[in-house]
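Asks: For reference, the structure I am asking about is given below.
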Amino acid sequence: MTAAGTRSGQRQGHGLWFIGPRKAEIRAEEVPEPVGNQIAVEGLVSLVSAGTEMLIYKGEANPDEDLGLETARGSFAFPVKYAYQTVGKVVARGDKAIPKIGNVVFCRHPHQDYFTMAGEGWLIAPVPDGIPPERAVFMNLLGVALNSQLDVPTRVGDIVAVFGQGLVGSFCAQLARRTAGKLVVVDPIPIRREEAIKWGADMALEPAHAKEGIMEASEGRGADICIEATGVPSALQTAIESTGQEGTIVAISFFGKRVVPLILSPEFHYRRLRLISSQVSSLGSGLQPRWSFARRDAAAFDVLAHNWLVTPVTHRLPFDRAPEAYAILDLHPQDALGILLEHRRN
């Protein structure tokens, strides 16, 4: 599927839209030629998010909430075009644009094979030489995990438990592994637990055995840090129960409009626990004088340049089969981690 010419000053692209709960389709749309600081991008590859995108796909996003992404279109009440991790090549530019034709860029833009957007700002980042598009496309989800380390750094010797071994949870765990004394991961899917052991987790547990295993790893003290990256309320509850005195729970998942019931007594109150929101749309308090979104992106690319980080890919689909990706994640989550959409191009 390639961009095609339409009327003067515009070309045709194809974007993925969510049109109702568990319904997605590819739509053709006219794309204006870039002017000023804008660039036109031909997509090379994009990565499906099993978190926020699946929340939208299932109809669990708050319909009254602002999209919060300039490149998105529609509303969460449907139809909506919303995603945020595409790597493409600049093929045209306005006279004030910074990127050059031929540059490879990471774009926080919905899945689309040809599009125009601003060539500067937090929605775009140049991909460093030497990082292939299929790896660079993980930058944003790695940035989510990196944000949790900026908010709650793993100290040398900490006992860290990460709930969820999807892409974000795996990245959280792999970053924590660099300094953690012991690292425990929790996930209901056997293949994810097996992969975590391969890259270096000390323990990989089923949810039913999480609290017992974390207490064993911590010699009964409880974890210093628990990171919840599942979007499942019961995991957040177990994290609270498994965290030691004055320890920290990092809530990295986005729950949308789902109700999250929690039992706070006795652990949360008597252990004086901290529950921290690590939301990637902001940089934590105290970091802003030195950290920016651009610096966080650059740090994520620096990590991607090292072979120790595992970026698992289980599926590669041509862009015109993009709706299938969501059905796979919805119906067969045990079989899927990274799903790449490969864009055809001129």
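The values are calculated or read from the model by the stated rules, or taken from the named source; none is laboratory data. Keep in mind that what you see is a predicted model, and the values were worked out from it rather than measured. For neighbour counting, all protein chains shown are included, and Cβ atoms are generated from backbone atoms with ideal geometry for every residue, glycine included. All accessible areas refer to the heavy atoms of the entire protein, side chains included, with ligands and DNA or RNA removed. Shrake-Rupley method; radii C 1.70, N 1.55, O 1.52, S 1.80 Å.
Asks: Need one word for region 174-330: rounded, prolate or oblate. Basis is the Cα gyration tensor (sqrt eigenvalues a ≥ b ≥ c); a/c below 1.5 gives rounded, then a/b vs b/c decides. Working shown, then result.
Replies: Numbers: a/c = 1.44, a/b = 1.28, b/c = 1.13.
Since a/c stays below 1.5, the shape of region 174-330 is classed as rounded.
Asks: In the Gaussian network model of the chain, springs joining C-alpha atoms below 10 Å, which of V185, V91, V105 carries the largest mean-square fluctuation?
Replies: Answer for the Gaussian network model of the chain: V91.
Asks: Another question about this same structure. Based on the Cβ-Cβ distance from Q245 to R290, what FRET efficiency comes out when R0 is 22 Å, to the nearest 0.05?
Replies: Details: r = 31 Å, r/R0 = 1.42.
Result of the calculation: an efficiency of 0.10.
Asks: Shape verdict for region 280-346, please, from the Cα gyration tensor: rounded (a/c under 1.5), prolate (a/b greater than b/c) or oblate.
Replies: On the way: a/c = 2.19, a/b = 2.03, b/c = 1.08.
It is prolate, given that a/c is not under 1.5 and a/b is the larger ratio.
Asks: Is the shape of region 166-208 best called rounded, prolate or oblate, per the rule: a/c under 1.5 gives rounded, else a/b larger than b/c gives prolate, else oblate, with a ≥ b ≥ c the square roots of the Cα gyration tensor eigenvalues?
Replies: prolate
Asks: Please list, in chain and number order, the residues 5+ apart from L337 or on another chain whose amide H is under 5 Å from its amide H, with Hs placed from the backbone.
Replies: For L337, the qualifying residues are T314, H315.
Asks: Follow-up question, since we're still on this one. For the chain, with a Gaussian network of springs between Cα atoms less than 10 Å apart, report the residue from S278, S170, S265 with the top mean-square fluctuation.
Replies: S265
Asks: Relative to the longest principal Cα axis of the chain, at what angle does helix 167-177 sit, 0 to 90 degrees, rounded to 10?
Replies: 50 degrees
Asks: Identify, among Y114, Q85, M54, the residue whose Cα sits farthest towards the positive end of the charge dipole of region 49-154, taking +1 on the Cβ of Lys and Arg and -1 on the Cβ of Asp and Glu, with the dipole about the Cα centre.
Replies: Y114
Asks: List, in order, the whole-Hz ³J(HN,Hα) value for each residue of region 18-31 obtained from phi through the Karplus relation with A = 6.51, B = -1.76, C = 1.60 and θ = phi - 60°; use x for Gly and Pro.
Replies: 8, 10, x, x, 6, 9, 9, 8, 8, 10, 7, 8, 6, 10
Asks: I've got another one for you. Give me, ordered by chain and number, the residues 5 or more places off D158 or on other chains with an amide H under 5 Å from its own placed amide H.
Replies: Result for D158 returns G181.
Asks: Could you size up the charge dipole of region 132-209 around its Cα centre, putting +1 on the beta carbon of Lys and Arg and -1 on that of Asp and Glu, and report it in debye to the nearest 20? All intermediate terms of the calculation are to be shown ahead of the outcome.
Replies: Numbers: 8 positive and 8 negative charges, 39 e Å.
Dipole magnitude for region 132-209 comes out near 180 debye.
Asks: Please give the FRET efficiency for S234 paired with L331, using the beta carbon to beta carbon distance and R0 = 25 Å, rounded to the nearest 0.05. Please list the in-between numbers first.
Replies: Working: r = 21 Å, r/R0 = 0.84.
Calculated value: 0.75.
Asks: Tell me the carbon and sulfur percent of the accessible area for the chain, rounded to whole percent, probe radius 1.4 Å.
Replies: On the way: 7790 of 15170 Å².
Carbon and sulfur together cover 51 percent of it.
Asks: Ok, one more. Report the full-extension gain for the segment V35 to S282: residue separation times 0.36 nm, less the Cα-Cα distance, to one decimal in nm.
Replies: Values: separation 247, 0.36 × 247 = 88.92 nm, distance 2.94 nm.
So the extension gain works out to 86.0 nm.
Asks: For the chain, find the longest principal axis of its Cα atoms and tell me its angle to the long axis of helix 322-331, 0 to 90°, nearest 10.
Replies: 20 degrees
Asks: Given a cut-off of under 8 Å on Cα pairs at least six residues apart, what relative contact order in percent is computed for region 179-254? The partial results should precede the final answer.
Replies: Details: 106 pairs, mean separation 18.9, N = 76.
Value for region 179-254: 25 percent.
Asks: Using the heavy atoms of the protein chains and a 1.4 angstrom probe, tell me the accessible area per residue for region 152-281 in square angstrom. List each step's numbers first, then the result.
Replies: On the way: 5940 Å² over 130 residues.
On a per-residue basis, region 152-281 sits at 46 Å².
Asks: Let me have the relative contact order for region 294-346, percent, based on Cα pairs under 8 Å that are six or more residues apart.
Replies: Working: 40 pairs, mean separation 21.6, N = 53.
Here the relative contact order equals 41 percent.
Asks: Now for a separate question. Take the Cβ-Cβ distance between H315 and E206 as r, set R0 to 25 Å, and report the resulting FRET efficiency rounded to the nearest 0.05. Provide the component values of the computation, followed by the final result.
Replies: Numbers: r = 24 Å, r/R0 = 0.98.
Result of the calculation: an efficiency of 0.55.
Asks: Now a separate question. For every other residue with a beta carbon closer than 12 angstrom to the beta carbon of P190, add +1 if it is Lys or Arg and -1 if Asp or Glu, then tell me the sum. Write down the numbers at each step before the final one.
Replies: Working: positive: R192, R193; negative: D187, E194, E195, E206, D335.
Here the charged neighbours net out to -3.
Asks: For the charge dipole of the chain, defined by +1 on Lys and Arg C-beta atoms and -1 on Asp and Glu C-beta atoms about the Cα centroid, which residue among G130, S282, Q10 has the Cα displaced farthest towards the positive pole?
Replies: Q10
Asks: Here is a follow-up. Counting only DSSP beta bridges with both residues in the chain, what percent are antiparallel, rounded to the nearest 5? Don't skip to the end; give the middle numbers.
Replies: Details: 38 of 63 bridges.
The antiparallel fraction comes to roughly 60 percent.
Asks: Label points 7 Å out from Cα along the Cβ direction at E120 and D64: separation in nm?
Replies: It is 3.8 nm.
Asks: Could I ask something else about it? Over region 1-118, what relative contact order in percent results from Cα pairs under 8 Å that are six or more residues apart? It would help to have the intermediate numbers written out before the result.
Replies: Working: 280 pairs, mean separation 40.0, N = 118.
Computed value for region 1-118: 34 percent relative contact order.
Asks: On to the next question. So what's the back-of-envelope 222 nm ellipticity for the chain, counting only DSSP H runs of four-plus at -39500 (n - 2.57) apiece and dividing by all residues, rounded to 500?
Replies: Numbers: 10 runs with 88 residues, N = 346.
Using -39500 (n - 2.57) per qualifying helix, the result is -7000 deg cm²/dmol.
Asks: Hey, what angle do you get for helix 293-304 against the long axis of the chain, alpha-carbon based, 0 to 90 degrees rounded to 10?
Replies: Roughly 80 degrees, rounded to the nearest 10.
Asks: Given H placed 1.01 Å from N in the peptide plane, which residues other than close sequence neighbours of L205 have an amide H under 5 Å from its amide H?
Replies: Hits under the 5 Å cutoff: V185, V186, D187.
Asks: Given a 1.4 Å probe and heavy atoms of the protein chains only, how would you sort H343, H209, largest accessible area at the top?
Replies: Values: H343 10, H209 95 Å².
Heavy-atom accessible area, descending, gives H209, H343.
Asks: Right, something else. Output ³J(HN,Hα) for region 224-233: one whole-Hz value per residue in order, computed from phi by the Karplus curve 6.51 cos²θ - 1.76 cosθ + 1.60 with θ = phi - 60°, and x for Gly and Pro.
Replies: These are the phi-based 3J(HN,Hα) values: 6, 9, 10, 10, 9, 10, 10, x, 10, x Hz.
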